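Engineer: Provided herewith is a single structure, encoded as structure tokens, for subsequent inquiry.
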Amino acid sequence: MKNQASKSKRHIDPRVFYRPFIELFWGFKQNTLPTLFLAVWVALACLFLFTNADLWLLGKLELMVLYPSHDAIRGIYGFALLGSGHLFWGLHRTGVFLRFERKLKAALGSAGLQNRLGQYPKLIFDKPLDAHTRKLRLTRAHLPVKDFETKKPHLEASLKIYIDSIIERRENGTVDILYANKPMPKVQKFPPLECFEKCQFQVGQTRSRSIICSLKQTPHLLIAGQTGGGKSTALRQIITTLYLRNQGMEFLLVDLKAGLEFQIFEDLPRVTVPLSVDQVGKKLELAGETLTKRMELLKGEKVKDIDAYNKKLSGKKAKLLNRVVIVVDEAAELFLAGDHASASEIQKIRRTLSRIARQGRACGLHLIVATQRPDAKALDPQVKANLTGIISFPMANLPSSMTILGCGRAAELPPISGRAIYKNGLDMVELQTPFLSVSDAESLLESSRQQGKAKALQPQKNAAIKLHEAAAEVDFGE
Ligand SMILES: Nc1ncnc2c1ncn2[C@@H]1O[C@H](COP(=O)(O)OP(=O)(O)O)[C@@H](O)[C@H]1O
Ligand SMILES: [Mg+2]
């Protein structure tokens, strides 16, 4: 018995021999190698070799027999010495991996993630995605992915990790868990505008990475959540980024509840802020007409979208098309009839918005809708079905979260302003949305306002003016 015990104690996991190379491969591939450490190591090894310090050391230790006498072997020895830092790092990562695997087994056991046959999910791999996030792939052991979701807090506590998302890979019978070792920031600073290309804005920061959204890939957005979650703040920062980074982009900003949220944008060129349902109806009618005209233009030129149209016609003295973003805060005011609007008016608005949501993508008409209430009455189902990107701040209860995301994650968010779930297609991540205060937004917009005035005084037409004259252009002014 004693013999057996000592044998198992001496047992070395065979993965120690090949796993370091796998870790190195992933390190190279995902660019997560500790470059400073390795550079210092290689520099020291070079110094060691070129000053013959190895000869001196072996001489001192009376181990000269170990010194390679043949040139070729000396070459291999030198190469091995230079690469030994990489090997040590690979060994270190292997140790971390094997310890993590042991902890994972214990965590799955204590979380009760076990199927009726008594089987637990098995680790397939645990690899880095970037400097902070890792992906853990487990066999599902015939367990529904919902079980993993429910046990998320337990797994986080036992493994001392922060899980970003749990994704089922049904075709392989596996589950991917994206996690990081550090918590999410409670406040995320508004990033410098230079970070964004045309049509892009930051949705937020996960524990490990910045999530950028582009209207080209995600043409329409839904922003949901209880009062105080951060919907209007999110709209403010999205509009500010899009406005400042896209010359010529037009905005129709609708806030019928208080009408205060969009005050800071009111007197900007390219921005229209209607204040009554009647005005909103008229402006949306214009947008609907623009949609029809643009569809004819695209058809006439046999192109698939406005980017292709503008590319085809640029340099031909033709009028180019700009993008139009229609933003609705507190959407229930626009979808529910009441004292402020008749049922027929609301019906018309619903029809136009639904058409823009269905057909706007190719024509460069985008919808961003924020709402507290996710139900069919307060948000037209046809509009909702086409809002492919969803940012959900905390929801009051499970059914509301289910209506918005198809799962309960928005009801489980911590009560931190700006904390949200972002769903785009099948991907879902928890993130902290950037905070841009009213005064910061005003000062950012003020500088652009001044620049705009200065440019307008110059005799030549700038790009924005040219776009404004474009065919099938929306001119929301009276
Ligand atoms: N991303 C954020 N980071 C930090 N605080 C935020 C953030 N978004 C909102 N807040 C805070 O929460 C408050 C309510 O935000 P608001 O955007 O008005 O919520 P909603 O429109 O959902 O009611 C704001 O006054 C602000 O102080
Ligand atoms: Mg609000």
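Engineer: For segment 13-42, what are the residues that are modelled with pLDDT of 85 or more and open to solvent by 80 Å² or more (accessible area, probe 1.4 Å)?
Structural biologist: 17, 18, 21, 25, 28, 35, 36, 37
Engineer: Please specify each residue of segment 225-240 satisfying the condition of being more than 29 Å from residue 179 (Cβ to Cβ), within 9 Å of ligand 2 (Cβ to nearest atom) and either open to solvent by less than 30 Å² (accessible area, probe 1.4 Å) or in the same structural domain as residue 161 (by TED's automatic domain parsing) (or both).
Structural biologist: 232, 235
Engineer: Next question, about the same structure. Take residue 132 and tell me if it is open to solvent by less than 70 Å² (accessible area, probe 1.4 Å) and touching a residue at least 60 places away in the same chain (Cβ under 8 Å).
Structural biologist: Numbers: open to solvent by less than 70 Å² (accessible area, probe 1.4 Å): no; touching a residue at least 60 places away in the same chain (Cβ under 8 Å): yes.
No.
Engineer: Out of the residues in segment 103-128 that are open to solvent by less than 60 Å² (accessible area, probe 1.4 Å) and assigned to a loop (DSSP other than H, G, I, E, B), state the one that is farthest from residue 431 (Cα to Cα). Let's see the steps before the verdict.
Structural biologist: First, the residues of segment 103-128 that are open to solvent by less than 60 Å² (accessible area, probe 1.4 Å): 104, 107-109, 111-113, 115, 118, 121, 123, 125-128.
In the following step, the residues that additionally are assigned to a loop (DSSP other than H, G, I, E, B) were identified as 112-113, 115, 118, 121.
On the way: 112: 28, 113: 26, 115: 32, 118: 35, 121: 27 Å.
Within segment 103-128, the match that is farthest from residue 431 (Cα to Cα) is 118.
Engineer: Determine, yes or no, whether residue 310 is open to solvent by less than 10 Å² (accessible area, probe 1.4 Å), farther than 19 Å from residue 384 by Cα and under 33 Å from the mean Cα position of the chain (by Cα).
Structural biologist: On the way: open to solvent by less than 10 Å² (accessible area, probe 1.4 Å): no; farther than 19 Å from residue 384 by Cα: yes; under 33 Å from the mean Cα position of the chain (by Cα): yes.
Considered against the rule, which asks whether it is open to solvent by less than 10 Å² (accessible area, probe 1.4 Å), farther than 19 Å from residue 384 by Cα and under 33 Å from the mean Cα position of the chain (by Cα), residue 310 comes out as no.
Engineer: Just checking, does segment 265-286 include any residue being within 16 Å of ligand 1 (Cβ to nearest atom) and among the hydrophobic types (A, V, I, L, M, F, W, C)?
Structural biologist: To start, the set of residues in segment 265-286 that are within 16 Å of ligand 1 (Cβ to nearest atom) comprises 265.
From what is left, the residues that are among the hydrophobic types (A, V, I, L, M, F, W, C) are 265.
Yes, segment 265-286 has at least one match.
Engineer: Go through (1) open to solvent by 20 Å² or more (accessible area, probe 1.4 Å); (2) in contact with a Lys or Arg (Cβ under 6 Å, 6 or more places away or on another chain) one by one and return the number of the condition residue 153 breaks.
Structural biologist: (2)
Engineer: Give me the pairs, please: first residue somewhere in segment 395-410 and touching a residue at least 12 places away in the same chain (Cβ under 8 Å) and surrounded by fewer than 24 Cβ atoms within 10 Å (Cβ to Cβ), second residue anywhere and of a type in the set (Val, Ile, Thr) and assigned to a loop (DSSP other than H, G, I, E, B), beta-carbon distance under 9 Å, and either six or more positions apart or on two chains.
Structural biologist: Taking only residues 6 or more apart or on different chains, not a single pair turns up.
Engineer: Here is a follow-up. Can we say residue 171 is assigned to a helix (DSSP H, G or I), loosely packed, with under 14 Cβ neighbours inside 10 Å, without any contact (Cβ under 8 Å) to a residue 24 or more places away in the chain and within 18 Å of the chain's Cα centre (by Cα)?
Structural biologist: Answer is no for this residue.
Engineer: Confirm whether residue 353 is open to solvent by less than 10 Å² (accessible area, probe 1.4 Å), within 30 Å of residue 309 (Cβ to Cβ) and in contact (Cβ under 8 Å) with a residue 24 or more places away in the chain. I'd like the intermediate steps shown before the answer.
Structural biologist: On the way: open to solvent by less than 10 Å² (accessible area, probe 1.4 Å): yes; within 30 Å of residue 309 (Cβ to Cβ): yes; in contact (Cβ under 8 Å) with a residue 24 or more places away in the chain: yes.
Considered against the rule, which asks whether it is open to solvent by less than 10 Å² (accessible area, probe 1.4 Å), within 30 Å of residue 309 (Cβ to Cβ) and in contact (Cβ under 8 Å) with a residue 24 or more places away in the chain, residue 353 comes out as yes.
Engineer: Taking segment 205-224, which residues are buried (at least 22 other Cβ atoms within 10 Å of the Cβ) and modelled with pLDDT under 95? Show your work before the answer.
Structural biologist: Our first condition is that a residue be buried (at least 22 other Cβ atoms within 10 Å of the Cβ); within segment 205-224, this holds for 206-207, 215, 219-224.
Answer for segment 205-224, where residues must be buried (at least 22 other Cβ atoms within 10 Å of the Cβ) and modelled with pLDDT under 95: 206, 207.
The values are calculated or read from the model by the stated rules, or taken from the named source; none is laboratory data. Just so we're clear, the structure is a prediction, and the values are computed from it rather than from any experiment. Cβ coordinates were reconstructed from backbone atoms using ideal geometry, including for glycine residues, and neighbour counts include every protein chain displayed. Quick note on the areas: whole protein, heavy atoms, side chains included, nothing else; ligands and nucleic acids left out. Shrake-Rupley method; radii C 1.70, N 1.55, O 1.52, S 1.80 Å.
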